[in-house]
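The values are calculated or read from the model by the stated rules, or taken from the named source; none is laboratory data. Please read these numbers as outputs of a predicted model, since none were measured by experiment. Ideal geometry is used to build each Cβ from the backbone, glycine not excepted, and the neighbour counts take in all protein chains shown. Heads up: the accessible areas ignore ligands, DNA and RNA and are worked out on the full protein's heavy atoms, side chains in. Shrake-Rupley method; radii C 1.70, N 1.55, O 1.52, S 1.80 Å.
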Amino acid sequence: MTARIGSVPAPRVLPALRRPRLPFSPWHLLLAPLALLFAAPLVWLLLGSVMSNAEINRFPPALWPSHVDWAGYRYVLDNALFVRWFTNSLIVSAVTVVSNLLFGTLGGYAFARMRFAGSRVLLALMVATMAIPFQLTMIPTFLVMKQLGLIDSLGALIVPSLVTPFAVFLLRQFFLSLPRELEEAAWIDGCSRLRVLFTIVLPLSRPALSTVAVLTFLSTWNDLTWPLIALNHDTTYTLQLGLTTFQGQHHTNWAAVMAGNVITVAPVLLAFLGAQKTFVQSITSSGLKG
């Protein structure tokens, strides 16, 4: 067949150009340098812990140890009280985490599911206390602990932190995001509120519980101000307070300070890395309802 005169040829269809796809998210190009920036102090802490005091005090400072020197770690581990300080911090942190999970769960569930006189006002007052700095409550807390006879003991660190408004509020927000139908079905079957809480609600609240546990552990383990006020004898020191004894007025063993801080940071870093996947899920779910 011959082509008709004046006919317009059909346009050619060009193949669609495919945009090159990166094997990772483009956000990683921004987040990777930021991660390296924030990790720099930890890297310097680790390198400094295996340097000699001469290398640490040298100017300009050495960026890499000429040889691995374990003198700082030996100084820390040979200290007779270091194990005691580590144990004290572990006891205080463990008791505080367990108590916050228990009392925070009970308080958060009560605010989320139970309606009683003044519940909204009480919740607002509790949340408002989160804005009060610790410096304002430090002296009243000290006087209360003194009246209870807990000063210079681990009880002075545990009792004020048995439950925090943050734990109650975060768990309350998460409980609000859970469907009521599951609990109502259990009530029809004759379950009590406590049984519903511990057998149905808590298994669904693992992200929130792990978030509260890790954040409570971090704040308690790293606390220095309150132990510095409440403790007087070196046998009751926590790890953070004990490390300050390595710094003197005229001489500081920086290798020991850095080695002790590496040992101190290790449990915190492991706890955070183990629970980081639950943070986003917990915070996202807790912000669904007010």
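Largest accessible area first, the residues Asp152, Asp78 order themselves as Asp78, Asp152 under a 1.4 Å probe with ligands, DNA and RNA left out. Between Ile91 and Leu29, the simple label model (points 7 Å from Cα in the Cβ direction) yields a spacing of 5.5 nm. When you restrict to C-alpha pairs under 8 Å that are six or more residues apart and normalise by the size of the chain, the relative contact order lands at 30 percent.
For the peptides 202-215, 224-237, what is the packing order when you average, over each peptide's residues, the other Cβ atoms within 10 Å and list the highest mean first? If you can, show how the numbers build up before the last one.
Working: 202-215: 19.9, 224-237: 16.1.
Descending packing order for the listed peptides: 202-215, 224-237.
Using r as the Cβ-Cβ distance of Trp64 and Leu224, and R0 as 30 Å, what FRET efficiency do you calculate, to the nearest 0.05?
Values: r = 30 Å, r/R0 = 1.01.
After rounding, the FRET efficiency stands at 0.50.
For the chain, a crude dipole built from +1 on the beta carbon of Lys and Arg and -1 on the beta carbon of Asp and Glu, taken about the Cα centre, is about 1480 debye to the nearest 20. Only helical runs count toward this figure. For the chain, summing -39,500 (n - 2.57) over DSSP H runs of n ≥ 4 and dividing by all residues gives -19500 deg cm²/dmol at 222 nm. The phi-based Karplus calculation (6.51 cos²θ - 1.76 cosθ + 1.60; θ = phi - 60°) puts the 3J(HN,Hα) values of the range 168-181 at 5, 5, 5, 5, 4, 5, 6, 4, 5, 7, 7, x, 6, 4 Hz, whole numbers, x for Gly and Pro. Within the accessible area of the chain, the carbon and sulfur atoms contribute 69%, probe 1.4 Å, all protein chains present.
Approximating the spin labels as points 7 Å out from Cα along Cα→Cβ, the Thr199-to-Arg21 distance works out to 4.7 nm.
Restrict the search to the range 54-99; then list the trypsin sites (Lys or Arg not before Pro) that DSSP places in a loop and that have at most 11 other Cβ atoms within 10 Å of their Cβ.
Values: sites: Arg58, Arg74, Arg84; in loops: Arg58.
Passing both the DSSP loop test and the Cβ count: Arg58.
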